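First the structure, in the form of structure tokens, and then the observations on it.
Laboratory data are not the source of any read-out in this text; all were calculated from the coordinates shown. Keep in mind that what you see is a predicted model, and the values were worked out from it rather than measured. For neighbour counting, all protein chains shown are included, and Cβ atoms are generated from backbone atoms with ideal geometry for every residue, glycine included.
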Amino acid sequence: MKKQIKTLHIQTSIPHHPTDAQSLRARLIEHAIITFLIQLRPQYPKLFYDVKAIEVLNRILGKNNGNLTDDKEEQIDHITALLYETYPDLIYFHNHAPDGSRQEIAYPLIHYRSKRGKAEIYAFADAIPIVEQWLAKADYQSWMSYGQVKDKKEESQQISILKTPKYYRLMDWLALNTDNYQRWLKNVLLKDRVTILEEALTGHLRRLAQAFIKQDDWSQIKAELIMITKTKEVKAYHHNDLAFNILFRANVDLPTSLAIGRSVSLGYGTQSLTRWQGEEKQIITHIQSELATASRV
């Protein structure tokens, strides 16, 4: 079974480094929410009277607004409900409901990344229209608008199960959830750790595929590790994680825009096909060539 996935890729002139990914994501989410609040205000002047945008933003993001009257709290609740009734796809920016509860979103549809020191945004499938709306409505003079967009491209790419596996390199892959991290610590032998990583990678690929084609049985997908090229500690969402650079193969055709693993919305887990696709001649030379050109940014 094959499936076309629509992707919107936006390159900006905004300086950005991967270590600031969480901060940039937060700023862009706040910018998007406030942009849509500004659109609502003229239509409901009484409802918005004496309510600051930051107070609504804090409610949505679960931050403390301090001591507010019951009437003010109710006013903010009404504005928040109205905002998400008018723009329900706002949820794709931050993946939680207006009351702060997490949503069952199998795969984040908006990613915030970095390339050559500049911020990039990827939107997929159902999230594309709300991103287009946001940029169209944003103040052209603000720090994020079409004024900072250097290139914008929309394309369709295919995801499908294959008979013959393809070979990929995967950068800054956050592989381990809490349970797998404990298994990783308890198992010191490389062969056992490879098993943990292959199980995690297979699971990540299956969940990614199911997010876009729910009616298909993706249990056929299997990933195999070829080489761990780098391991390092990173900080994602206020806690430390292990990030892996690896070469792997899997019987799935992946769009290059899709990332794999945990915290993909922050730019982790980007992947691409390797130039070496399993040819038997000069394997070591091919792998060394891939490692020499591997870069997340």
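If the segment from residue 272 to residue 58 were pulled out straight at 0.36 nm per residue, it would be longer than the present Cα-Cα gap by 73.3 nm.
Specify which residue in the list 167, 68, 81 is farthest towards the positive end of the charge dipole of the chain, using unit charges on the beta carbon of Lys, Arg (+1) and Asp, Glu (-1), about the Cα centre. Farthest towards the positive pole: 167.
Note on the chain: helix-only mean residue ellipticity at 222 nm, from DSSP H runs of 4+ residues weighted -39500 (n - 2.57) and normalised by residue number, equals -11000 deg cm²/dmol. For the chain, the longest principal axis of the alpha carbon atoms and the long axis of helix 283-293 meet at an angle near 30°.
Hydrodynamic radius of the range 156-259 by the Kirkwood approach over all distinct alpha-carbon pairs: 14.6 Å. Take the Cα of residue 279, step 7 Å toward its Cβ, do the same at residue 136, and the gap between the two points is 4.7 nm. With Rh defined as the Kirkwood radius, the inverse of the mean 1/r over Cα pairs, the Rg/Rh of the chain is 1.01. A straight Cα-to-Cα reach below 13 Å connects residue 150 with the aspartates and glutamates 120, residues fewer than 8 places away in its own chain not being considered.
Taking 20 Å as the straight-line reach from the Cα of residue 166, the lysines in range (excluding those fewer than 8 positions away in the same chain) are 2, 3, 222, 281. In terms of distances greater than 31 angstrom between alpha carbons, the cross-link table entries 63/118; 6/72; 163/186 yield 6/72; 163/186. Relative to the dominant Cα principal axis of the chain, helix 128-137 is inclined by about 40°. Suppose R0 equals 25 Å. What FRET efficiency, 1/(1 + (r/R0)^6) with r the Cβ-Cβ distance, do residue 125 and residue 146 give to the nearest 0.05? So, using R0 = 25 Å, E works out to roughly 0.70. Relative to the dominant Cα principal axis of the chain, helix 21-40 is inclined by about 40°.
Between residue 89 and residue 207, what length in nm is gained on full extension when 0.36 nm per residue of separation is reduced by their alpha carbon distance?
Contour length minus Cα-Cα distance gives 40.3 nm.
The order of 232, 222, going from fewest to most other C-beta atoms within 10 Å of their C-beta, is 232, 222. The calculated FRET efficiency for the pair residue 154 and residue 115, based on their C-beta separation and a Förster distance of 22 Å, comes to about 0.80. Each other residue within a Cβ distance under 11 Å of residue 58 adds +1 if Lys or Arg and -1 if Asp or Glu, for a net charge of +1. Estimated at 0.36 nm per residue, the fully extended path between residue 41 and residue 227 surpasses their Cα-Cα distance by 61.5 nm. Below 8 Å between Cα atoms, with a sequence gap of 6+, how large is the relative contact order for the range 1-84 in percent? Relative contact order here is 27 percent.
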